[in-house]
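Some notes on the structure that comes next.
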Amino acid sequence: MFHFILDDPALTDKCRGSFFSIAVLKAVFDVVKPFVLSYKTKPEPQQVMELIANSPDISPENKQQLTVEIVEQIWQTQMYLGEYDTDWMTKTVQSWLRFATLMGGTMNLIEYIKMMQGTVTVENCEEVCQKAMNIFTTGVMVDFNDNSEGTDFYNPKSHQTRKLKRFPTGYDFIDRGSKGGYWPGSLWVFLGAPKAGKSRWLQNLCAQSVRKGYDTAYITLELQEEIVTQRIGSNLLEIPMDDYDRVASDEQVMAQKIKQFATGGFTDPGMLRIKEFPTSTLSVNDLEAWLLKEEERMSSSLGRPFKFKLIYLDYLNIMKNWRNPNSENMYLKIKQIAEDLRAIAMKNGWCIVTVTQVKLAFFNAADVDMTAASESSALQATVDMMYGIISDPVMQVERCQYMKCLLTRVSPFFNERKRYNIDDTYMRMSEDPKEGIKKDEDFIQDTVNNINKVQSGQGYKRKTTRIQQNVPADIPQAPPVGAQPSLSTTELETINLFK
């Protein structure tokens, strides 16, 4: 095992001398490890002796014990490597490194707890516990999936899209902005005003993912698990929201509904796990630990490897920043959480989709841009895709919204929007087939044309009549047709935005 590890720089990097029980191997490994990582090869016995002689970390007494005979004797054992099956040796070494890393992380945790014992107060208890959790989480994790030596530019295969192959979202417009859909290791953010339907959008994207057969997790820090389950259930199982409690109370009927959904399509639906965490208690480390644990549990339950493809997170702003848990700097908080989310997405091959809030100035606005995010510059530098949810008062009455592509790393199709219709019965969002994709310049021209019509008195009656058909009684009605027309707040905001 000693030689198998040193023959692979990736394994060498994950091993420490303290993992070995033999004192000689401990000392030799720590001396040889930097050489292997620097030169990507194992040194010869004579080179090992030179490394030992020049090492400041080995005491003179130990240097005397590490003789040429001992080093040569250790190196002679590598001749037996050929007697072992490579796959078996790989699994054995990885298992040993995992357990040794677990033991090392546990010891570090115990040392920290002993050091803090007697100093914990009501004021610092939460901080101490969070740091202890971080020490354990980061100290026990070891990943064997990052052993790639990089990409050879001059290899034609390196230019093919394989690892980052897209898979559709279920919405053509969103796929257009991302050049085909989601891809592993990416972070997506949808931004919108409070009560604009951010959670509803995440639930619709989640439902589409399950329909397409993607194994999916939905993490909620805002809505309770039951609410999320029923909303997604209404969408997938064709149960009206108003009737959901009645239908769900009959377990046999629900079992039949679930069976019909699971067996009624051309594609087997993906697995879905919905998990609720209290607001502001979940860190990125906690999220990664739960997802990995759930993947392991599902693999054991199914009898096959299980891996999440998509993680929907509701939502980024109310997560806990484990790096600076007591900081009130919102820019730093969002920046670090976004960076950590993208890091675990890349490390584990997940696509993480989350939402964030717009600034107060964009509440009920008829348009949004990249500056609309509360911490826009913190997100712009990190996210791979950013979409804006547009919902002004007129759209709310008409039960529609616009989705706008604000930022994309992979395509030229940004600053475009598409109209979506809201189906409150089944909590669904669907692309409006009657209206095409609009670019910003098209939207500006349509807005100017509408404003000109209002100012000239044309179309005012048609517009107000259409809205008044659905307007609640407690909302002020439009002025009489003969009254002097005036611009709405939304239209004035639009004019100012594009001046």
Response to the item:
Within the range 214-239, restricting to residues that are in contact (Cβ under 8 Å) with a residue 24 or more places away in the chain, β-branched (Val, Ile, Thr) and assigned to a helix (DSSP H, G or I), the one that is nearest to Thr279 (Cα to Cα) is Val228
Practice prompt. Would you check if Glu149 is of a type in the set (D, E, K, R) and modelled with pLDDT of 85 or more?
Written response: no
Worksheet item: Looking only at residues in the range 71-88 that are loosely packed, with under 14 Cβ neighbours inside 10 Å and within 21 Å of Ser21 (Cα to Cα), which one is nearest to the chain's Cα centre (by Cα)?
Response: Leu81
Practice prompt. Look at Gly177 and say whether it is closer than 27 Å to Asn364 by Cα, in contact (Cβ under 8 Å) with a residue 24 or more places away in the chain and either touching a Phe, Trp or Tyr at 6+ places or on another chain (Cβ under 7 Å) or not assigned by TED's automatic domain parsing to the domain that holds Val394 (or both).
Written response: yes
Worksheet item: Would it be correct to say that Thr12 is among the hydroxyl-bearing types (Ser, Thr, Tyr) and surrounded by 14 or more Cβ atoms within 10 Å (Cβ to Cβ)?
Response: yes
Discussion item. Test of understanding: among Leu287, Leu341, Leu292, Leu313, which residue is over 21 Å from Gln380 (Cα atoms), buried (at least 21 other Cβ atoms within 10 Å of the Cβ) and in contact (Cβ under 8 Å) with a residue 40 or more places away in the chain?
Written reply: Leu287
Worksheet item: Limited to the range 240-253, what total is found for residues that are touching a residue at least 60 places away in the same chain (Cβ under 8 Å) and either part of a loop (DSSP other than H, G, I, E, B) or surrounded by 11 or more Cβ atoms within 10 Å (Cβ to Cβ) (or both)?
Response: 2
Practice prompt. Could you list all residues from the range 346-370 that are without any contact (Cβ under 8 Å) to a residue 24 or more places away in the chain and touching a helix residue (DSSP H, G or I) at 6+ places or on another chain (Cβ under 9 Å)?
Written response: Lys359, Ala361
Worksheet, complete the sentence: Within the range 152-172, the count of residues that are over 15 Å from Val410 (Cβ atoms) and modelled with pLDDT of 90 or more comes to 3
Response to the item:
Heads up, the helices (runs of 4 or more DSSP H) in the range 376-491 (entirely inside) with at least 2 residues that are at pLDDT 80 or above and surrounded by 15 or more Cβ atoms within 10 Å (Cβ to Cβ) are 376-380, 393-398, 440-456
Discussion item. Return the residues of the range 268-315 that are among the aromatic types (Phe, Trp, Tyr) and part of a loop (DSSP other than H, G, I, E, B); say none if nothing qualifies.
Written reply: Phe277, Phe306, Phe308, Tyr315
Worksheet item: From the list Lys40, Lys91, Lys14, which one is on the phi > 0 side of the Ramachandran plot and under 34 Å from the mean Cα position of the chain (by Cα)?
Response: Lys40
Worksheet entry | Residues of the range 20-63 satisfying the condition of being surrounded by 14 or more Cβ atoms within 10 Å (Cβ to Cβ) and of a type in the set (Phe, Trp, Tyr) | Phe20, Phe29, Phe35
Discussion item. Considering only residues that are surrounded by 15 or more Cβ atoms within 10 Å (Cβ to Cβ) and in contact (Cβ under 8 Å) with a residue 24 or more places away in the chain, which ones fall in the range 254-267?
Written reply: Phe261
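The values are calculated or read from the model by the stated rules, or taken from the named source; none is laboratory data. Everything numeric here is computed off the predicted structure, so don't read it as measured data. Positions of Cβ are backbone-derived with ideal geometry, glycine not excepted, and every protein chain shown enters the neighbour counts.
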